[in-house]
Structures are given as C-alpha cells and as structure tokens.
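Visitor: Dropping the structure in here first, questions after.
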Amino acid sequence: MDDGADVVSTLHKSRRELLPNIIGSTEETTTGLVRLRAMARDGALAFPVMAVNDALTKHLFDNRYGTGQSTMDGIVRATNYLIAGKKIVVVGYGWCSRGIAMRAKGLGGNVIVTEINPLKALEAVMDGFRVMPMLQAAREGDIFVSATGNKHVIDEHHMEVMKDGVLLANSGHFDIEVNKVALRALSVAEPQRVRPFVDQYTLKDGRKLNLLGEGRLINLAAAEGHPASVMDMSFAGQAMAAKYLLDNKGKLANQVYTIPEEVDQEIARIKLASMGIGIDTLTDEQYTYLNSWEEGT
Ligand SMILES: NC(=O)c1ccc[n+]([C@@H]2O[C@H](COP(=O)([O-])OP(=O)(O)OC[C@H]3O[C@@H](n4cnc5c(N)ncnc54)[C@H](O)[C@@H]3O)[C@@H](O)[C@H]2O)c1
C-alpha cells in the first residue's frame, strides 16, 4: 500500500531483487498515479497497481472534504489568521483545491481560483469564484494555497509582484509547488522562523513573504491531516483493492487498474449505514423502466 508511489519507485530503482515476489500494489494519491501511469506507459512497471485514488469513494471525499478542511485548519493553526475578508488565491480547481476553495469561502474568504484546464476553470467560474491568470492573482492575494500535483505553480515572477506580508502554503504532495529556490534567491538572507511553521523571507525590496510548513503539505505539517471519518473510506478502498489483487493473482497485466464500480458502491453503502442513514431502492417497476428502451419513448 503506497502513497505517492514512493515504495514502488524505491523497489524499481534500488530493490529490484524484491520485485518477483510482489503480487501488486495499491496507490492512495493523485501524484503517485501520475508517476505509476508514466511507468506503465514506458513498460517499466513490474506488477499490477490498483488506483485507489480514482475510486469515487476516495477522491470525491478524502481529496475534497478531507483536504479542504484540513488545509484551512493547517493555515489557521500555523498563523491564527482571520480568514474572513482575506483574498485567498487557490491554485488549481481539482478535487483537493475545489475543497480548499469551498472551505475558504465558507470562512468568509474572498476566493480567487487559477487553473490551466478550461473545463475546471469554467466550473470554478460557475461555482461563483473569480478566475484569472496566476500573475494577475499574485498581485491581489493575501493567502496563496496550491494543490495541483505540479511544480513551481507559485513561481519567481509571481513572487516579484506579491503584496508585502502574504502567506504561501501548499497542500499538494511534494514541496515543489512553491518555488522555494527562487524565493530564497529573491531574499536578502536565510528566512526567519517567526512562528512554528512560518518562515519569513525578506526580499531585496523589503517586502516579506511568509512560507508555511516549508512548502510541504500544510494540512500534515501544521494540522493533523484528514479526520478518520473521511480516511475510513480511502482505507476501505485500499483494503478492497488489496483483496482484488489477491483474488486475481496472476491474471492481471503490469498496468494501472481502476477500482470496480461495485466496490465503490459497497463502500458508500457501508459508510451510509455507519452514519445511520438509509436510502431508497428501485422498485421492480422502476428497475424495468430504467433498463428498457421501449417504455417512455
Ligand atoms: N494534502 C493532502 O492531504 C492531499 C490529499 C490528497 C491529494 N493530495 C495531493 O494534492 C495534489 C492534487 O490532487 P487532486 O486530486 O486535487 O488532483 P487533480 O488532478 O484533481 O487536480 C489538480 C488540478 O491542478 C490543475 N493544475 C495543474 N497545473 C496547474 C497550474 N500550473 N496552475 C493552476 N492549476 C494547475 C489541474 O488542471 C487540475 O485541475 C496531488 O499532488 C495529490 O497527490 C494531497
């Protein structure tokens, strides 16, 4: 069971003697899957992988509600900032970042979204957020939060136009979303740790930019990560994916597989039951109607 493909990549790079004994692996996060799919494309993957992150019961809940809440929790714990009335630039409008945008708005933030994908950008617009290029948002924002899985989405030319005193935070998997090397190069000296998890960089023109949690996932650095009551669904996906690998041992190619839809449905059903919530089931008449092409046309 892997998170970020760290174990799989170590096995493939430096512990290859272990590869023949491995039935398969299960991957928790978006960034890990990007790497594993690249390995599968290059024919480099030595065993099948189950894409737990792609299960609906994972990314619709853990990435959105878990990351959304815990990221804002991390920023508030690190700084004790009042979010209400602040301009918060959320970089990306994927599953994590839309959760962050939603929760920042709920705290009274004035949220700006930046994207590179026109569909996601359009969704953000119709969800009621301001959308603009990062260079424009960089001039306006008080707090910047990235969760893209990409590198240098907050880069030197953005830092050059930012206001004095802004906060820079990241909730994507690696600490490369904020270009820390560029931030240090723009600064007069090593940053000052003004509070736990807050490093203040003084730029040559006197502005101060505050990097939270060294640019690492702020919800894990300064808060407690996701609550157990959303991780339970992700870990149910992990357990079911491991069982699927065992049940299908020897039958799967060295590819990345999605979690079967029935598994998603089963996890959601158990989660609802654990919350004491019941839902309806189709009547025979409705089932027949939905499966027919003759009725209702
Ligand atoms: N903090 C946590 O606990 C936590 C939890 C789950 C996932 N993650 C990580 O968060 C990251 C995002 O995951 P996700 O599931 O939201 O992915 P996603 O693919 O749903 O969303 C990423 C979004 O970022 C956008 N993007 C890429 N480059 C950009 C750029 N330069 N500017 C603006 N937008 C850009 C993409 O178009 C996409 O919409 C990954 O690294 C993932 O591993 C973190």
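Visitor: Within 14 Å, Cβ to Cβ, of Val113, how many net charges do the neighbouring residues add up to if Lys/Arg are +1 and Asp/Glu are -1?
Guide: Working: positive: Lys87, Arg98, Arg103, Lys105, Lys120, Arg130; negative: Glu115, Glu123, Asp127, Glu140.
Once positives and negatives cancel, what remains is +2.
Visitor: Evaluate the relative contact order of the chain (contact order divided by residue number), counting alpha-carbon pairs under 8 angstrom at least 6 apart; express in whole percent. Don't skip to the end; give the middle numbers.
Guide: Values: 560 pairs, mean separation 61.2, N = 297.
Answer for the chain is 21 percent.
Visitor: Would you mind telling me the antiparallel percentage of the DSSP bridges in the chain, rounded to 5?
Guide: Numbers: 9 of 35 bridges.
Expressed as a percentage, antiparallel bridges in the chain total about 25.
Visitor: Which of the three applies to the stretch 54-168, rounded, prolate or oblate, going by the alpha-carbon gyration tensor with a ≥ b ≥ c and a/c under 1.5 meaning rounded?
Guide: Values: a/c = 1.59, a/b = 1.22, b/c = 1.31.
Oblate is the answer for the stretch 54-168, as a/c is 1.5 or above yet b/c matches or exceeds a/b.
Visitor: I would also like to ask the following. GNM on the chain, C-alpha springs below 10 Å: top fluctuator among Glu160, Glu28, Glu190?
Guide: Glu190
Visitor: With N set to the number of residues, divide the alpha-carbon radius of gyration of the chain by 2.2 N^0.38 Å and report two decimals. Spell out each step's value before the answer.
Guide: Numbers: Rg = 21.9 Å, N = 297, 2.2 N^0.38 = 19.1 Å.
Dividing the Cα Rg of the chain by 2.2 N^0.38 Å gives 1.14.
Visitor: Sort the following peptides by mean Cβ neighbour count (other Cβ atoms within 10 Å, averaged over residues), highest first: 35-47, 277-289.
Guide: Values: 35-47: 15.1, 277-289: 9.1.
Result, highest mean first: 35-47, 277-289.
Visitor: For the stretch 97-143, what does the alpha-carbon gyration tensor say about shape, rounded, prolate or oblate, given a ≥ b ≥ c as the root eigenvalues, a/c under 1.5 as rounded, and a/b over b/c as prolate? Each step should come with its number before you reach the end.
Guide: Details: a/c = 2.01, a/b = 1.08, b/c = 1.86.
The shape class here is oblate.
Visitor: Pick out which of Val111, Val91, Val34 has the largest mean-square fluctuation in a Gaussian network model of the chain, springs linking Cα atoms closer than 10 Å.
Guide: Sorting by GNM fluctuation, first place goes to Val34.
Visitor: Looking only at Asn53, Asn21, Asn150, which one moves most when the chain is put into a Gaussian network model with springs between Cα atoms under 10 Å?
Guide: In the Gaussian network model the winner is Asn21.
Visitor: Please give every one of the lysines within straight-line cross-link reach of Lys87, meaning a C-alpha to C-alpha distance under 30 Å, and leave out same-chain neighbours fewer than 8 residues apart.
Guide: Within the straight-line limit of under 30 Å, Lys87 reaches these lysines: Lys58, Lys105, Lys120, Lys151, Lys163, Lys180, Lys204, Lys208.
Read-outs: derived from the displayed coordinates by stated rules, not from any lab. These numbers come from a predicted model, not from an experiment. Neighbour counts run over all protein chains shown; Cβ positions are idealised from the backbone, glycine included.
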